[in-house]
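Here the structure comes first, spelled out in structure tokens, and everything after it is commentary.
The values are calculated or read from the model by the stated rules, or taken from the named source; none is laboratory data. Bear in mind that the values here come from a model prediction, so they are computed numbers and not experimental data. Cβ: placed from backbone, ideal geometry, glycine included. Neighbour counts: every protein chain shown. When the accessible area is computed, the model is the full protein with side chains, heavy atoms only, and any ligands, DNA or RNA have been set aside. Shrake-Rupley method; radii C 1.70, N 1.55, O 1.52, S 1.80 Å.
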Amino acid sequence: MIADRLAELGYPVFPVVPKGKRPLTPKGCKDCTTDFNLIADWANRYPDCNWGITCTGLFVLDIDGDQGRASFARLESELGRLPDAPCVTTGRGFHLYFRKPAGDLKATVDKTLSIDIRTGYTYVIAPGSVHPSGAVYAEKIPLCPVEELPELPQVWLDRLQTKPAPSPAKRKPAQVTPVPPAGDDDYSDAAAYIDTLEPSVEGKGGSNMMIRVCNLLFWEWDFGRNDPQALAILDRYNARAVPPWRERELEHKIDSVFSNPPSAPRGGRRRSSQRDAAKDFSLDFTVNNPSGVPEGSEGDDGGSGLLVEPWSEVICKPLKWIWENRITLGELTLVCGAGGI
């Protein structure tokens with residue numbers, strides 16, 4: 001049986017659905033083994049299954065389709081031919097098996113190459129399995145023991161592990177946005193706050209940041225879906241993005257706000273801003289108020305204020321924990337986070 005031979009060569013295997021790629025075990029490729037008894041048990045339980053190989057000790061190049069073959073040929077002409085390595089043909093391309101290099105590795109490459117990397121807790125379909133198209137995975141160059149696999153040349157590793165710089169986004173010419181009327185506090189407050197936020201950067205949580213900005217504008221500040229002021233603020237923020245988002249991508253982000261609204265109250269920031277602007281008094285921080293009545297409460301003549309107790313007069317008492325050092329019984333606990341998340 002193919003799975004026994006693979007295990008004998010040191011390749012950890014696990015069962016996969018017949019003529020497919022979906023694992024049959026609860027933890028998928030993490031359930032892999034070279035134990036012959038467990039493999040025999042799986043073979044009896046799933047007699048027609050495909051087999052997967054987990055790539056924890058491997059570095060497999062997955063060349064897919066005509067574009068992948070063309071990219072592979074171009075890389076060989078640029079970087080030099082690869083050493084002879086075990087090769088397994090797939091439904092539309094082939095797998096090349098190498099020993100896993102040392103250090104931290106990424107399992108993604110330039111998608112325009114149509115060449116993928118399988119390493120770590122990822123997997124490939126083993127030879128002898130059947131592709132969904134009906135083609136059989138076949139060993140063009142037979143698999144050897146894992147410890148005898150060749151190493152990928154460093155120049156190839158450097159090229160495949162380098163993510164290309166994103167191409168500049170094509171944007172439509174900027175539309176003329178009406179100048180907000182003077183004294184529009186909703187616009188100025190929202191714009192000032194959005195200007196303080198970190199920019200949206202691809203690969204560094206940029207998508208979440210853009211969703212957050214859309215939530216702030218169209219939900220928490222309650223701007224209308226096509227409000228020119230909100231779109232002007234969003235366009236200003238998007239100009240700082242790396243790279244800037246395309247118009248249709250921004251439209252999708254705005255749509256997501258209305259189809260999946262955040263837990264924050266609708267218009268909460270607008271109301272808060274208006275309340276702050278309406279305040280016409282200053283806080284009077286009073287320590288050890290002799291009257292014993294907080295300023296601003298009934299029976300006090302001093303107007304608005306806040307009573308502050310000296311620490312020396314605070315009476316300490318033991319706490320009863322529901323969750324040790326985190327949530328107390330019978331006391332106020334705040335669970336805080338960024339708005340819109």
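Below, the figures for the structure above:
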quantity: Only Lys, Arg (+1) and Asp, Glu (-1) charged, at Cβ; the stretch 1-133 dipole about Cα centre in debye; calculated: 240
quantity: Fraction of accessible area attributable to carbon and sulfur, the stretch 1-139 (%, probe 1.4 Å); calculated: 49
quantity: Proximal charge balance of residue 60 [Cβ under 9 Å; K/R count +1, D/E count -1]; calculated: -1
quantity: Mean Cβ neighbour count within 10 Å, used as a protection proxy, ranking 55-67, 324-336, 91-103 highest first; calculated: 55-67, 91-103, 324-336
quantity: For residue 98, residues with placed amide H under 5 Å, excluding near neighbours; calculated: 59, 60, 61
quantity: Built amide H within the under 5 Å cut-off of residue 138, gap 5+; calculated: 89, 128
quantity: Long-range HN-HN contacts of residue 200 with modeled amide H, under 5 Å; calculated: 241, 242
quantity: Euclidean distance between Cα centres, the stretch 109-151 to the stretch 22-70, Å; calculated: 10
quantity: Under Karplus coefficients 6.51, -1.76 and 1.60, residue-wise ³J(HN,Hα) of the stretch 46-59 in Hz, glycine/proline x; calculated: 10, x, 10, 6, 7, 10, x, 10, 7, 9, 4, x, 10, 9
